[in-house]
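The values are calculated or read from the model by the stated rules, or taken from the named source; none is laboratory data. Remember, predicted model here, so these are calculated numbers, not experimental data. Methodologically, a virtual Cβ is constructed for each residue, glycine included, from the backbone with ideal geometry; neighbour enumeration extends over all protein chains shown.
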Amino acid sequence: MTPENLYIHVPFCNGKCDYCAFYSEPEVKEESAQLWLNKIKEDSRQHDLSHPLETVYLGGGTPTALPANILSQLMTFIQTLPLAENAEITSECNPGSLTREKAEIIKGTVNRISMGAQSFHADLLKAIGRRTTPVQVAQTFDLLRNVSGIQRLGLDLICALPGQTMQIWKEDLEKAVSFQPEHISAYMLIPEPGTPFTKKFGEEPPLSEELQAEMWEFAGDFLDSYGLSRYEISNHALPGGECRHNQNVWHGKTYLGLGPSACSFDGKDRFTNAAPLSEWLSGVPPEIDSVSEEIRRREVFMMGLRTVRGWNKSEFNWNDFLPVLQLLQDDGLIKISEHAVKPTKQGLLCWNTIAENLI
Ligand code: SF4
């Protein structure tokens, strides 16, 4: 495939958060990081990267936890890729993982940041096994704005945490907007089986469905009043501040995933790279998820309905889904017009119902 987008999985963090189900090593060792980067480069040469990349997304893990020397090599590698003009280069970042030196290193290459603040309440952060502090959020944000000079900064928050009240959630949102970010993600906590979180709090969501819905609704209205409009179930941005990489993924564009546990989509099949790091380094091949063309089409369609803009007829012809789409419209979950189909606010909140009906 000649992918339109690239995802690079950086499998290192400074510790491990209790709720995390992503693959990452809890320690950054320079030697392992160098082996990882060498293989990223080697794997990239196995693919046809002749189509200018619209987006590159460094996720993980914590890309900014990489040693400065490796981070610098990674930036050089990205600059050698065939990038489209105005390509979006995002890096995830954790508070406290970015030094002034690293802020200088990413300057000029990374042009968008997604930082995991999660909460501004130290006791909540501690309860979910985060090692970062609200003070580190402020320090890191300052480095990104004033040293890296990055214009598009995003903060990630988690709601529906154990012991979180509506008042605490409001305070977290207020604090987040006080940084004047261009993007805010507000994710519901989903307890993942097998994590220390579920051992401590159980597998059921800690807050009632009603309170979760109330928090989701409040976040939408509150952020909207600051110009950060919801454009996907959990994502809000100033006009033009939307994450293009994720928008492309939700709308079925192709992407190549490099690194352990990274996923790829070639327009037909999905692939998941081997993990942990040792398996991936030793060359264990990716797992292929191959389904019929019809199922894939439906999957792509339902993913696009996670976004407020939904689908335009010129992008996706949904005529054969019309009977089920009519029923979803009767239930108030989507809105069909001649040229577009979009989820309603209720449809975004109950997206699982839309997905179940389409698959
Ligand atoms: S920082 Fe992110 S990727 Fe790393 S352990 Fe915590 S939640 Fe997982």
Considering only segment 82-95, I want to know if a residue exists there that is more than 19 Å from the chain's Cα centre (by Cα) and either within 11 Å of the ligand (Cβ to nearest atom) or within 24 Å of Asn146 (Cβ to Cβ) (or both). yes
Which listed residue, of Gly252, Gly241, is in a loop (DSSP other than H, G, I, E, B) and on the phi > 0 side of the Ramachandran plot: Gly252
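Results for (1) among the charged types (D, E, K, R); (2) under 17 Å from the mean Cα position of the chain (by Cα); (3) within 30 Å of Pro11 (Cα to Cα); (4) outside the structural domain of Lys16 (by TED's automatic domain parsing), shown as yes or no for each residue.
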| residue | (1), (2), (3), (4) |
| --- | --- |
| Thr165 | no, no, no, no |
| Asp172 | yes, no, yes, no |
| Phe179 | no, no, yes, no |
| Gln212 | no, no, no, no |
| Gly220 | no, no, no, no |
Taking first residues from segment 37-65 that are under 30 Å from Leu143 (Cα atoms) and assigned by TED's automatic domain parsing to the domain that holds Cys243 and second residues anywhere that are in a helix (DSSP H, G or I) and within 12 Å of the ligand (Cβ to nearest atom), the pairs with Cβ under 9 Å that are 6 or more apart or on different chains are Leu58/Thr64
Does segment 2-9 include one or more residues that are modelled with pLDDT of 95 or more and in a helix (DSSP H, G or I)? no
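Taking Gly267, is it of a type outside the set (Ser, Thr, Tyr) and either at pLDDT 95 or above or farther than 27 Å from Tyr23 by Cα (or both)? Please lay out each step first, then the result.
On the way: of a type outside the set (Ser, Thr, Tyr): yes; either at pLDDT 95 or above or farther than 27 Å from Tyr23 by Cα (or both): no.
The answer is no for Gly267.
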Any residue in segment 302-317 that is over 23 Å from Arg244 (Cβ atoms) and without any contact (Cβ under 8 Å) to a residue 60 or more places away in the chain? yes
Report whether or not Leu74 is touching a residue at least 24 places away in the same chain (Cβ under 8 Å), crowded, with 18+ Cβ neighbours inside 10 Å and away from the ligand (no atom under 14 Å from the Cβ). yes
Residues in segment 32-48 that are away from the ligand (no atom under 16 Å from the Cβ) and under 22 Å from the mean Cα position of the chain (by Cα) total 3
State whether one or more residues within segment 58-69 are assigned to a helix (DSSP H, G or I), under 17 Å from Leu144 (Cα atoms) and out of contact with any Ser or Thr (no Cβ under 8 Å at 6 or more places or on another chain). no
Cβ-Cβ under 9 Å pairs, at least 6 apart or on other chains, segment 328-345 side within 19 Å of Trp250 (Cα to Cα), far side hydroxyl-bearing (Ser, Thr, Tyr) and part of a strand (DSSP E or B): Lys342/Thr307; Pro343/Thr307
Which members of segment 1-31 meet the condition of being within 17 Å of Phe77 (Cβ to Cβ) and either within 16 Å of the ligand (Cβ to nearest atom) or of a type in the set (Asp, Glu) (or both)? Tyr7, Ile8, His9, Val10, Pro11, Phe12, Glu30
Near pairs, Cβ below 6 angstrom, 6+ apart or cross-chain, from segment 109-122 (touching a residue at least 60 places away in the same chain (Cβ under 8 Å)) to any residue that is within 11 Å of the ligand (Cβ to nearest atom): Ser114/Glu92
